[in-house]
Structures are given as structure tokens and as C-alpha cells.
1. Which of rounded, prolate, oblate describes the stretch 111-170, given a ≥ b ≥ c as roots of the alpha-carbon gyration tensor eigenvalues and a/c under 1.5 marking rounded, otherwise prolate only if a/b is larger than b/c?
2. Using the heavy atoms of the protein chains alone and a 1.4 angstrom probe, what is the accessible area of the chain per residue in square angstrom?
3. For the stretch 51-170, what are Rg and Dmax over the alpha carbons, in angstrom?
4. How large is the dipole of the stretch 26-170 about the Cα centre if only Lys and Arg carry +1 and Asp and Glu carry -1, each at its Cβ, rounded to the nearest 20 debye?
5. Lys and Arg at +1, Asp and Glu at -1: add these up for the other residues within a Cβ distance under 10 Å of Ile132 and post the number.
6. Just want the answer: with Cβ charges of +1 for Lys and Arg and -1 for Asp and Glu, which residue in Val106, Ala58, Met31 is farthest toward the dipole's positive end in the chain?
7. What is the set of long-range amide H partners of Ile77 at a cut-off below 5 Å, with H atoms built 1.01 Å from backbone N?
8. Along each of its three principal axes, how wide is the spread of alpha-carbon positions in the stretch 90-131, in whole angstrom units, largest first?
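The values are calculated or read from the model by the stated rules, or taken from the named source; none is laboratory data. Just so you know, these numbers come straight off a predicted model, no measurement behind them. Note that we place each Cβ from the backbone using ideal geometry, even for glycine, and neighbour counts take in every protein chain shown. SASA here: full protein model, heavy atoms, side chains in, ligands and nucleic acids out. Shrake-Rupley method; radii C 1.70, N 1.55, O 1.52, S 1.80 Å.
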Amino acid sequence: MANNNYLFQESQAVMPKKIIIAIVVLLVIVMGLFAYIYISQEFLGKPVGENSIESHWALVIFVVTAILTYYVSRLKILTRVDDKNLTMSLGVIGKRQFALDSIQSVKDYEGNPAADFLGYGYRIAIKQTGYIGRGEQAITLKIQNHKRELVITTDNPEELKKALENSSQG
């Protein structure tokens, strides 16, 4: 039995590049502020303001912001189709797996996914769930025993549909 293993890694990030840059810049500014508070209070002995936060909380906020900055800057939608499963993830979070034999139908998505789902990333709407990136093309999957259809943005909808067909037949 041949191992058909297809990987579709979106070449574009989940959000538009300008939004990612703006978020990363904002997070770096917040990170710098809390680094300054921590260094000023711990090493220079100068409290920052009259009601400043304690230095250990400044360090915690700095570390959390640094991790968040790294994650946002690396965020991508990953779509993997192999012999038995369709696997979706947003990097390290939001991973879901669907058996190929549970997919009842695959069709092109009509509309603008980011506008329809009001944003980017893993999104939930009334009748649909989506892995929404900045791509304007998407496919819709009807999955057995799921109330919502699954919408996946992709740069190559025809290639993804072909991979789903080939894997489910093989």
C-alpha cells in the first residue's frame, strides 16, 4: 500500500502581514516597558512610579509577552492529508483530526472567509467552523456527525480537493 502523505503549509501567515507586524511591534513595546520596570526596580533600586507593580510581576508579564510575541510572529495554518486523516492546526494549538471516510462532501467556499468569520485563526460561526487565513479562497467540508461544516482557507483549493479525493480512494 502506497503512503500518500500530502502536506499543505500555507505560504502566507494566518493574518495579513501588516497586522502581524503591528501586533508584534505592540507586544515588543509592552515587553520593553515591563523589562524596564523589572530592571529599574531589581537592579537599579529605583521604583517606577508611586504605585508601580512588584518586580516579579513585571518579570512574569515580560516572559508571557515574549512567548506571545514569538507565537504570533510564527502563526500559520497547517493542513495535512494522509491515507486516513485530514489534520488541521494553527501551529501548536487548535489541532483537529478528521477521518477521510467521514467527509461527506467537498465544495468551493463562496464569499470572503475572513470577512464572513470576522477575523483570522480558528473561528466558530453559527453553522460553520473555520481555519481562516488571509487567503481569499477556501473549501467547505461536510463531515459526518458534525453539526457545523468545516471551512479551510488555502492558496490552492483545487490541489487540496484533489489530495482529499486521492487519499480517500487510495
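1. Details: a/c = 2.90, a/b = 1.34, b/c = 2.17.
Cα axes put the stretch 111-170 in the oblate bin.
2. Values: 10600 Å² over 170 residues.
Accessible area per residue: 62 Å².
3. Radius of gyration, then largest Cα-Cα span, for the stretch 51-170: 17.8, 66 Å.
4. On the way: 16 positive and 15 negative charges, 56 e Å.
Rounded to the nearest 20 debye, it is 280 debye.
5. Details: positive: Arg123, Arg134; negative: Asp116.
Once all neighbours under 10 Å are counted, the net charge is +1.
6. Val106
7. Answer set, sorted by chain and number: Glu10, Val14.
8. That gives 30, 28, 17 Å along the principal axes, largest extent first.
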